[in-house]
Amino acid sequence: MGLAERGLRSVVIDFDVGLRNLDLIMGCERRVVYDFINVIHGEARLNQALIKDKRNENLFILPASQTRDKEALTKEGVGKVLTDLSDGFDYIVCDSPAGIELGATMAMYYADDAFVVTNPEVSSVRDSDRMIGILSSKSQRAEEDREPIREYLLLTRYSPERVERGEMLSVEDVQDILSLDLIGVIPESQAVLNASNSGVPVIMDGESTAGQAYSDVVARYLGEQLPHRFLEIEKKGLLGRLFGG
């Protein structure tokens with residue numbers, strides 16, 4: 001949505017076959033007729049399956065199938081869909097499921113850039129480290145000995161208060177482990193849950209810290225130099241300290 005709001009034609013593909021939820025997050029679940037797998041198997045044309053976002057004409061969604069198995073994804077089929085989409089879009093976002101099963105490896109196989117999304121917890125960071133190894137060895141770029149995928153770190157659900165209490169890894173801790181360029185830090189925010197439940201991307205909530213942080217991510221990705229925000233505990237003003245606000 002952030003890319004689309006900047007006038008860039010963008011499409012997001014849900015690779016979580018069997019556990020479709022991108023359409024829910026984007027608020028278009030009632031408009032799904034055909035899906036990604038239907039297109040791969042020639043059961044529908046690409047323009048029949050693409051759903052235009054109601055809020056921005058530059059954004060389209062290609063939903064996953066809820067009833068098919070992940071084995072329905074094929075390297076050739078995915079490649080053809082991505083090639084067809086590249087003619088009409090500036091950005092193709094492949095929304096990968098968590099883990100390293102087929103949906104995830106298919107989402108990253110043809111990638112030029114990869115956002116490694118992790119929480120500041122040991123188990124999440126360890127999983128991300130494993131995915132970085134797969135990105136560097138099992139992508140089309142790796143197989144063809146081309147320039148590697150550009151990898152960025154996106155740290156979500158960050159709480160400076162919990163970091164200070166030793167309950168969560170710091171930004172520096174995560175960067176030390178993963179050694180990736182930091183594209184953004186998304187603070188823990190009730191606004192994310194509210195946005196998910198209402199089917200409105202949180203980036204559209206410009207009042208929330210999470211929405212502002214995602215806007216910063218888009219700006220950095222497009223080459224703007226912005227400092228990282230929301231990394232420190234917000235200092236209370238005098239009235240806040242007096243009244244415990």
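The values are calculated or read from the model by the stated rules, or taken from the named source; none is laboratory data. These figures come from a predicted structure and were not determined experimentally. Methodologically, a virtual Cβ is constructed for each residue, glycine included, from the backbone with ideal geometry; neighbour enumeration extends over all protein chains shown. We work out accessible area using only protein heavy atoms, side chains counted, and drop any ligands, DNA or RNA first. Shrake-Rupley method; radii C 1.70, N 1.55, O 1.52, S 1.80 Å.
For this structure, a couple of remarks:
- Applying the criterion of being under 18 Å from Val93 (Cβ atoms), part of a helix (DSSP H, G or I) and out of contact with any Phe, Trp or Tyr (no Cβ under 9 Å at 6 or more places or on another chain) to the residues of the stretch 23-36, the residue that is most open to solvent (accessible area, probe 1.4 Å) is Leu24.
- Any hit, the stretch 139-157, residues being more than 18 Å from Ala114 (Cα to Cα) and either at pLDDT 95 or above or of a type outside the set (Gly, Ala, Ser) (or both): yes
- Any hit, the stretch 7-17, residues being open to solvent by less than 30 Å² (accessible area, probe 1.4 Å) and without any contact (Cβ under 8 Å) to a residue 60 or more places away in the chain: no
- Taking helices (runs of 4 or more DSSP H) as the structural unit, those lying wholly within the stretch 139-185 and holding at least 2 residues that are closer than 27 Å to Thr105 by Cα and open to solvent by 50 Å² or more (accessible area, probe 1.4 Å) correspond to 171-178.
- Looking only at the stretch 59-109, and only at residues there that are open to solvent by less than 40 Å² (accessible area, probe 1.4 Å), outside any helix (DSSP H, G or I) and touching an Asp or Glu at 6+ places or on another chain (Cβ under 8 Å), the one that is farthest from Arg150 (Cα to Cα): Ser65
- Condition broken by Leu193, with the remaining ones in (1) in contact (Cβ under 8 Å) with a residue 24 or more places away in the chain; (2) among the aliphatic types (A, V, I, L, M); (3) part of a helix (DSSP H, G or I) satisfied: (1)
- Just one of the listed residues (Gly223, Gly211) is small (Gly, Ala, Ser), modelled with pLDDT of 95 or more and not in a helix (DSSP H, G or I), namely Gly223.
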